[in-house]
1. Could you work out which residue, out of ALA130, ALA190, ALA31, moves most in a Gaussian network model of the chain, that is, has the largest mean-square fluctuation with Cα springs under 10 Å?
2. Any idea which of PRO105, VAL209, GLY71 is furthest toward the positive side of the dipole for the chain, if Lys and Arg beta-carbons carry +1 and Asp and Glu beta-carbons -1?
3. For a Förster distance of 35 Å, can you work out the FRET efficiency between the beta-carbons of HIS103 and VAL177, rounded to the nearest 0.05?
4. Please give the length that would be gained between GLU120 and ALA26 if that part of the chain were fully extended, namely 0.36 nm times their separation in residues minus their C-alpha to C-alpha distance (nm, one decimal).
5. Using a 10 Å cut-off around each Cβ, can you sort ASP60, ASP68 from fewest to most neighbouring Cβ atoms?
6. Find the all-direction average of the projected area of the Cα convex hull for the chain, expressing the result in square nanometres with one decimal place.
7. Counting other beta carbons within 10 Å of each Cβ, put HIS168, HIS112 in order, fewest first.
8. In whole Å and largest first, what semi-axes does the C-alpha gyration tensor of the range 108-189 yield when each eigenvalue is scaled by 5 and square-rooted?
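Readers should treat all values here as calculations from the given coordinates under stated rules, not as data from a laboratory. Just so it is clear, the model here is predicted, and its values are computed rather than measured. Virtual Cβ from ideal backbone geometry, glycine too; neighbours counted across all protein chains shown.
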Amino acid sequence: MSSLRVHNFAVSLDGFGTGEGQSLEAPFGHADQRLMQWFFGTRRGRAVHGRSGGSRSVDDALAEMTDDGIGAEIMGRNKFGPQRGPWADEEWTGWWGPNPPFHTPVFVLTHHPRPPLEMEGGTTFHFVDASPEDALAQAREAAGGLDVRLGGGPTTVRQFLAADLVDHMHLVVVPIVLGRGVRLWDGLEALEERFTVESVTTPSGVTHVTFSHRGR
């Protein structure tokens, strides 16, 4: 069976995966770009934004692993956009422009489904009202035997961890204190007992922590 993987998921020292006050101008709320600053200077980070160059570093090597063997993605609605409640319109197509970086089917979890949205480069967004288990079953079928990436945000990752569905997680602890926003760890006491945990700190100041499920 294919694995469910989390990659490049950044949290602050106090456990917040996004700041407070998400908006069209501020995808990470008051955290701004601080959670992902480590990523933007890597080759992978620059390529996502259509730029060349970037560092050849441990940060980059770990960032590059995000696409290996991935056939589908699951994300929460607030990773797709800042809207809440029923869709006022269906003109919004995500933060990423006409050619999003996923190049696979993407399952967006929402209580307000809408028709699939086909983009350039092989990305199709499917808007589903489903439990974590049902969403994963749909994504695995679409992935055709490849792994499924769980993209976030923190509420979505927390739900899949609580359901014990995550096989591998690459977490990036960024040395900032946000104080408010959406926390990852709430309700996940003793989570580490399910996983083999390894970590490495890089010159950029972040600590990469990998969780590999012991039972799979």
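1. Answer for the Gaussian network model of the chain: ALA190.
2. Going by the Cα projections, it comes out as VAL209.
3. The pair HIS103/VAL177 has a calculated efficiency of 0.50.
4. 31.4 nm
5. Result, fewest neighbours first: ASP68, ASP60.
6. Over every viewing direction, the Cα hull of the chain projects on average to 11.5 nm².
7. So the residues, fewest neighbours to most, are HIS112, HIS168.
8. Equivalent-ellipsoid dimensions as semi-axes: 25, 15, 14 Å.
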